[in-house]
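Some notes on the structure that comes next.
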Amino acid sequence: MATRRTPRFKECRHLGVNVCGHPKAMDRANAPAFKRTKKVSEYGKQLIEKQKVKAYYGILERQLTQYYKKALKAEGKTGEALIEALECRLDNLVYRIGFANSIRMARQMVAHGHITVDGKKINIPSYAVKVGQCISLVEKMRKSPQFKQQFTSSNKVKYEYIERDEENFSGKLIARPRREKIPVEINDQMVVEFYSK
């Protein structure tokens, strides 16, 4: 299974946003060594926005292209449909619910069979979760101090489209994510312009 192995903090500084969610990722972002001196072209700006999507969701170019093609056929704006579809990926929702502290960790948890959807073990990170489906940590992993602490720590961000159940180590997608509620700093239109050339 192909995975992204780029240095996370370096990527965050290059893109100008904290795509990995680590509190220290942007510590050196304003240092003189990392400041841009050259003017970025329109194509360069579009490329950066596309790279942000890949970094936020931990996907590769081929996967993003496939999501874009599906978004073209969806109702409404293509850019919004693209981000909303990516937000419903199983690995992303595992991260949003709080089972993992990064998208990479979430992807690994899914691939290793630590996550169930409606009681059925799913090991495909790109699995598209539907509204109403319940995502849970397998019984065996609930006893692990690492996973238990990660899930029950009190500083979890709340999302309108996700319902957490700490007692049962689970979370549910209760509504289709709306673009304005998805916490990613991406210019959707520029991503669409990049692919429409």
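The values are calculated or read from the model by the stated rules, or taken from the named source; none is laboratory data. As the structure is a computational prediction, the values presented were derived from the model and not from experiment. Neighbour counts are summed over all protein chains in view; Cβ atoms, including those assigned to glycine, are modelled from backbone coordinates with ideal geometry. Surface areas here come from the heavy atoms of the whole protein model, side chains and all, with no ligands, DNA or RNA. Shrake-Rupley method; radii C 1.70, N 1.55, O 1.52, S 1.80 Å.
Here are the numbers for the structure shown:
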quantity	calculated
Qualifying residue in the range 152-159 (condition: assigned to a loop (DSSP other than H, G, I, E, B), open to solvent by less than 20 Å² (accessible area, probe 1.4 Å), in contact (Cβ under 8 Å) with a residue 12 or more places away in the chain and among the aliphatic types (A, V, I, L, M))	no
Breaking point among (1) touching a Ser or Thr at 6+ places or on another chain (Cβ under 9 Å); (2) assigned to a loop (DSSP other than H, G, I, E, B); (3) open to solvent by 30 Å² or more (accessible area, probe 1.4 Å), for GLU75	(1)
Index of the failed condition, ALA33 passing every other in (1) hydrophobic (A, V, I, L, M, F, W, C); (2) outside any helix (DSSP H, G or I); (3) at pLDDT below 90; (4) open to solvent by less than 100 Å² (accessible area, probe 1.4 Å)	(2)
LEU137 being aliphatic (A, V, I, L, M) and free of Cβ contacts under 8 Å to residues at least 60 places away in the same chain	yes
Unique match (being among the small types (Gly, Ala, Ser) and closer than 21 Å to ASP188 by Cβ) among ALA106, ALA85, ALA100, ALA111	ALA85
Condition met for SER102 (surrounded by 13 or more Cβ atoms within 10 Å (Cβ to Cβ), under 22 Å from ILE174 (Cβ atoms) and hydroxyl-bearing (Ser, Thr, Tyr))	no
Residue match in the range 112-120 (condition: at positive phi, open to solvent by less than 40 Å² (accessible area, probe 1.4 Å) and not in a helix (DSSP H, G or I))	yes
Filter result for ARG176 (among the charged types (D, E, K, R) and not in a loop (DSSP other than H, G, I, E, B))	no
Any hit, the range 177-192, residues being open to solvent by 60 Å² or more (accessible area, probe 1.4 Å), acidic (Asp, Glu) and over 28 Å from GLY79 (Cα atoms)	no
Residue match in the range 83-93 (condition: modelled with pLDDT of 90 or more, touching a Ser or Thr at 6+ places or on another chain (Cβ under 6 Å) and open to solvent by less than 20 Å² (accessible area, probe 1.4 Å))	yes
Counted residues, the range 58-72 - those being open to solvent by less than 40 Å² (accessible area, probe 1.4 Å) and farther than 18 Å from GLN189 by Cβ	2
All positions within the range 121-149 that are under 18 Å from the mean Cα position of the chain (by Cα), open to solvent by 30 Å² or more (accessible area, probe 1.4 Å) and more than 19 Å from TYR161 (Cα to Cα)	ASN123, ILE124
